[in-house]
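The values are calculated or read from the model by the stated rules, or taken from the named source; none is laboratory data. None of the values given here were measured: they were computed from a predicted structure. All Cβ positions, glycine included, derive from the backbone under ideal geometry; neighbour counts span all protein chains shown.
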Amino acid sequence: MKRKVLWVVFVGLLLGISIALLWQGQDSLASPEENEAWIVGIIQDNHNAPVEEVQVTLHASGSDAPLSETLTQADGHYTLVMPKEIPDSLSIQISRSHFRSIEINLTSEEIQNLKSGRTITKPAITLERQIGAAFWIATIIFVLVLVLIATGVFHNTLAALTGTALLFVVSYLGRPFSETLFIFNFHGAIKYIDWNVIFLVMGMMILIAVIENTGIFQWLSYFAYRISGGRVWLLIPVLMLITGIASAFLDNVTTMLLMTPISVQIALAIGINPLAMIIPEVFASNVVGVSTLVGTPTNILIGSYGDISFNDFLANLTPGVILAFVGLIIYSLLTFKKDLSQAKTASPELLAMLAERGKITKPEHLKKAGVVGAGMLLLFIFGERLHLVPAVTALVSATALMVWIKPDIEEMIDAVDWTTLVFFMSLFIVVGAIQEVGLISIIADSIGKMVGDSLVLTMLSVIWLGAILSVFVANIPFTAAMLPIVGYLTLTVPGAETKVLYYCLSIGAALGGNGSLIGASANMVTAGISNSVGYPITYATFFKKGFPAMLITVTLATLWLLLHFLL
Amino acid sequence: MSGIVCAIRGGPSSQSTIEKAIELALEYSLPIYFVYVVNLDFMAHSSSSRVHMISQELEHLGEFILLNAKSKAEKMGVAAEGIIRHGEVGNEIIEVSREYDANFVILGQPRRKGEEDFFSDKRLKVFASNIEEKTNAKAVLTEVNQNNEA
């Protein structure tokens, strides 16, 4: 009985509060100071892209006191609510950092309509960019980050973090002295972080951490040796295929960290120079990895920005990748012909050691990782119909696997490469800064003017600019900076609406990595392992073998893209 | 204990080092301790947290390299042992030399300028005198050919 009374009191209280809140809400909706009329419109930049957080203020002409004010939404729309008393002359002031402020006077007809309680819709307003101190500072910081990464003075993550910190220091400490020093605030900066990329990379890292300890790579490599019967002309393509397929689903660095040691052992066992085995493998890793959304970090960035699904990557890139891969196999066998001809029969002692290494160490984990991996693949392929974003698929799969195998959670947390995730987050902010101040917009305009309306010229420019620049600069920051440019070209170049330019960027940025030792992280770790066992891969060695490989594979992939999208 | 410590990292550049160690072992009737040091400095600029995993893989690779060197010595009738260490190459070689009270430490001296690493010419000579200061061993430098380009 007592409980019933308590329930009645509780429900009554809730009801009372709700009615009070509703009353208050109605009161505010029907504010005596407001009119029912609105002014609505959209604000965009010179690329017709919506501009967010533009300050839109309504004034009586000749007065500074705002009658109404608002900020534009993410889609560039604004709504100004009219005051109850509307003066005879009105103007709208529009201002935002890094754009020229403008003032628009309302016509007497518009004012009359507003006075009669009718909403008016203003035509789209285009804001012009303003190049000030913030523009140059953000540009210098971006270049500084690229230089720090390229020269290796700082670790990638520290370089990007330094850039982010400098942007905030200038924005927050510089603003009190001059408004022109403001780039963005913290809230504005984190809007540039693509959380889809962060969670997708994190989910994949957890899955990889389970798979890498099962011994599957060692088993596969030894299996390749056995099925090839020691015939190197067969062994090399099989190992390249294994590396390539693994790279299409795992990150290239992990794939090469696992493949290189066992490959060196196989090479030593059969008496060939290990470089003749591991250099083709790292080429294959960089080429085949590009065929899926999760195969390379650049594809993850491209997929998320351009809204390109796992299936889209498979359908539009895989045939081109197969073509490039075949070319790569032929090139590798020819270029390493002399080394491969030195092969001999492996000694029983070394073979026994190889067989020992080529065992699955955790079959139970492998089985479970296989089941979850297959489920994840199906979700990547069919999840599109459920609007399932890849980050959710990866995160759900990683969690399901952890629940199933119950690993040491500390070990799993350690396996997540936090430095890479922080690198991505900081990089998004640094690239966001040059986007904010208008540098990307200027570059996009210049490229747009150069290529004109020609889709072929634009495709070739994006592929080869990507490939050549990726030889010299890290391809992740390059891709992150290129994405808004490619986004703009996709909207402006006739025929590019198929998102072909995103695929061009994917091909250029990833395959360009084969052009030099510093072109891809996988190259560097492979060289590191090789060097530590007495087979140094110098910059010159890699360039001599890698640059022609890059030219061949990019040419073949370009042919495919041209045929696929233009015929 | 006494013997010859021979630091190797595999590859053609280690062959003359191994041969020199065998030559001295036969001359002084000493066993050889082949040392392979797992060093992960090359991971410093890579954004990978796979240090533990790659450390294990390099250890396996080191065992493979040591097995090759051991069998070469044993074929010549010399007793040999393989030792794997993790850490900074110089410190580990000195540590092993002390532990095994080595008479000789054999180090490969590059014949031509290669990339700046621990076994580069200039640093190797400084290291050799450092070994002789800190241990009872005599440091022996052997010329090696680093030309192993594919």
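Is it the case that A:GLY320 is surrounded by fewer than 23 Cβ atoms within 10 Å (Cβ to Cβ) and away from chain B (no Cβ under 14 Å)? No, not satisfied. Is it true that A:PHE565 is modelled with pLDDT of 90 or more and more than 13 Å from chain B (Cβ to nearest Cβ)? Yes, satisfied. Is it the case, given these coordinates, that A:ILE149 is away from chain B (no Cβ under 14 Å) and not small (Gly, Ala, Ser)? Criteria not met by A:ILE149.
Table: residues versus (1) buried (at least 24 other Cβ atoms within 10 Å of the Cβ); (2) part of a helix (DSSP H, G or I).
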position	(1), (2)
A:TRP233	no, yes
A:MET240	yes, yes
A:ALA246	yes, yes
A:LEU257	yes, yes
A:LEU268	yes, yes
A:ASN273	no, no
A:ILE278	yes, yes
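Residues in the range B:63-96 that are over 22 Å from B:VAL140 (Cα atoms) and within 15 Å of the chain's Cα centre (by Cα): B:GLU63, B:PHE64, B:LEU67, B:HIS86, B:GLY87. Considering each residue of the range A:409-432 in turn, none proves to be over 30 Å from A:VAL153 (Cα atoms) and modelled with pLDDT of 90 or more. Among the residues of the range B:16-45, those identified as within 14 Å of another protein chain (Cβ to nearest Cβ), over 11 Å from the mean Cα position of the chain (by Cα) and farther than 21 Å from B:ARG98 by Cβ are B:SER16, B:LEU40, B:ASP41, B:PHE42, B:MET43, B:ALA44, B:HIS45.
Yes/no matrix, rows are residues, columns are (1) of a type in the set (Ser, Thr, Tyr); (2) within 23 Å of B:HIS52 (Cβ to Cβ); (3) in the same structural domain as A:PHE168 (by TED's automatic domain parsing):
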| site | (1), (2), (3) |
| --- | --- |
| A:VAL372 | no, yes, no |
| A:GLU384 | no, no, no |
| A:THR399 | yes, yes, no |
| A:GLU411 | no, yes, no |
| A:LEU421 | no, yes, no |
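Taking the range A:400-411 as the range and being assigned to a loop (DSSP other than H, G, I, E, B) and of a type in the set (D, E, K, R) as the test, the residues that pass are A:LYS406, A:ASP408.
The condition (being over 19 Å from A:ILE507 (Cβ atoms), within 14 Å of another protein chain (Cβ to nearest Cβ) and touching a Phe, Trp or Tyr at 6+ places or on another chain (Cβ under 7 Å)) is satisfied by just one residue among A:LEU250, A:LEU275, A:LEU257: A:LEU275. From the list A:SER446, A:SER426, A:SER397, pick out the single residue that is small (Gly, Ala, Ser), touching a helix residue (DSSP H, G or I) at 6+ places or on another chain (Cβ under 8 Å), in a helix (DSSP H, G or I) and more than 25 Å from A:GLU212 (Cβ to Cβ). It is A:SER426. Against the test of being within 14 Å of chain B (Cβ to nearest Cβ), aromatic (Phe, Trp, Tyr) and either over 25 Å from A:ALA346 (Cβ atoms) or crowded, with 21+ Cβ neighbours inside 10 Å (or both), the options A:PHE283, A:PHE313 yield a single qualifying residue, A:PHE283.
Being surrounded by fewer than 20 Cβ atoms within 10 Å (Cβ to Cβ), within 14 Å of chain B (Cβ to nearest Cβ) and assigned to a helix (DSSP H, G or I) is the requirement here; does A:PHE543 meet it? When the stated conditions are applied, A:PHE543 passes them. Of the listed requirements (1) among the β-branched types (Val, Ile, Thr); (2) part of a helix (DSSP H, G or I); (3) within 38 Å of the chain's Cα centre (by Cα), A:ILE131 misses just one: (2).
Of the numbered conditions (1) among the hydrophobic types (A, V, I, L, M, F, W, C); (2) surrounded by 14 or more Cβ atoms within 10 Å (Cβ to Cβ); (3) not in a strand (DSSP E or B), A:ALA74 fails exactly one; give the number of that condition. Condition (2) is where A:ALA74 drops out. Kindly check whether there is at least one residue in the range B:37-46 that is surrounded by 19 or more Cβ atoms within 10 Å (Cβ to Cβ), at pLDDT 90 or above and over 28 Å from A:VAL153 (Cα atoms). Looking through the range B:37-46, none of the residues is surrounded by 19 or more Cβ atoms within 10 Å (Cβ to Cβ), at pLDDT 90 or above and over 28 Å from A:VAL153 (Cα atoms).
Are any of the residues in the range A:115-127 under 30 Å from B:HIS60 (Cα atoms), away from chain B (no Cβ under 14 Å) and either in a helix (DSSP H, G or I) or within 26 Å of the chain's Cα centre (by Cα) (or both)? The answer is no, given that none of the residues of the range A:115-127 is under 30 Å from B:HIS60 (Cα atoms), away from chain B (no Cβ under 14 Å) and either in a helix (DSSP H, G or I) or within 26 Å of the chain's Cα centre (by Cα) (or both).
Within the range A:328-370, the set of residues being surrounded by fewer than 17 Cβ atoms within 10 Å (Cβ to Cβ), part of a helix (DSSP H, G or I) and away from chain B (no Cβ under 14 Å) comprises A:ILE330, A:PRO363, A:GLU364, A:LYS367, A:GLY370. Listed by first and then second residue, the pairs with beta-carbon distance under 6 Å, at least 6 apart or on different chains, first residue in the range B:82-98 and loosely packed, with under 15 Cβ neighbours inside 10 Å, second part of a strand (DSSP E or B), are B:HIS86/B:VAL38.
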